[in-house]
Amino acid sequence: FPGSAIPSAAADAYTIDNSLRFEDGDSAYLSRTPGSAGNLRTWTWSGWVKRGNITAWQVPFAAGRSSPEDRTEISFESADTIRIFQKDSGSTAMALVTTQVFRDPSAWYHIVVAMDTTQGTDTDRVKLYVNGSQVTAFGTTTYPTQNLDTWVNSTAVPTLVGNDYSYSADLDGYLAEVHFIDGQALEPSEFGY
């Protein structure tokens, strides 16, 4: 919502209401299978994430199935890095893993993933922002091919929040202010402070 951010004077006092708490021992998650396909190539996921358990593989957002192994996910690796990943029939189609680590269980991280595989330049096809800054340092860089269809928005697989559907990568922590934008690759400024 451009122009709808809270005034800077109130920024320090801003409270995020209505978060969801996930306990990895409960295997809780939200699931939705789209009734009609959305844009498989261009979308944005934005959310505030507060980790409760670190040094474990955890998935705040995914779309996929296990047989054949088809999935697109945003995850925290067991090394506390962020990974944006896709497999198509078991073969890696995209893998970006940050060199930066996210190990503070007392911090809220604002994570934005802007996907647009229609872009001509590979580094423009996936953009990751954490706390308003674009992450450009990756230890693993397999960018998607141009016009790659992700599994996000597909009617063939469920979209999950808090789990990756079959690999026991349950999220332990909180999610708040989660937004999914179909058909646009947006920057963090579109989501306010």
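The values are calculated or read from the model by the stated rules, or taken from the named source; none is laboratory data. Since the model is a prediction, treat every value here as computed from it, not as a measurement. Cβ atoms come from the backbone with ideal geometry, glycine included; neighbour counts cover every protein chain shown. The accessibility values were calculated without ligands, DNA or RNA, using every heavy atom of the protein model including side chains. Shrake-Rupley method; radii C 1.70, N 1.55, O 1.52, S 1.80 Å.
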Requested in this report: Search the structure for amide H atoms under 5 Å from the amide H of Phe61, placed 1.01 Å from N in the peptide plane, and list their residues when 5 or more places away or on another chain.
Outcome: Ile74, Gly162
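Is the shape of region 102-175 rounded, prolate or oblate, going by the alpha carbon gyration tensor and its root eigenvalues a ≥ b ≥ c, with a/c under 1.5 for rounded and a/b larger than b/c for prolate?
oblate
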Query raised in the report: Using a 1.4 Å probe, what is the accessible area per residue for region 38-183, in Å²?
Result: 37 Å²
Report task. Pick out, in residue order, every one of the GluC sites (Glu not before Pro) in region 45-116 that is DSSP loop and has at most 15 other C-beta atoms within 10 Å; say none if there are none. Result -> Glu69
Report summary line: Quarter of the surface of the C-alpha convex hull for the chain, i.e. direction-averaged projected area in nm², equals 10.7 nm²
Requested in this report: Count charges around Ala176 for me, please; just the other residues with Cβ under 12 Å from its Cβ, Lys/Arg as +1, Asp/Glu as -1.
Outcome: 0
Query raised in the report: Around Ala114, with a cut-off of 10 angstrom between Cβ atoms, what is the net charge of the other residues, counting Lys and Arg +1 and Asp and Glu -1?
Result: -2
Requested in this report: Before anything else, pin down the relative contact order of the chain: Cα pairs under 8 Å, at least 6 apart, normalised by residue count, whole percent.
Outcome: 38 percent
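Cα-based Rg of region 25-133 per 2.2 N^0.38 Å, rounded to two decimals? Numbers along the way, then the final one.
Details: Rg = 14.4 Å, N = 109, 2.2 N^0.38 = 13.1 Å.
Rg over 2.2 N^0.38 Å, computed on Cα atoms: 1.10.
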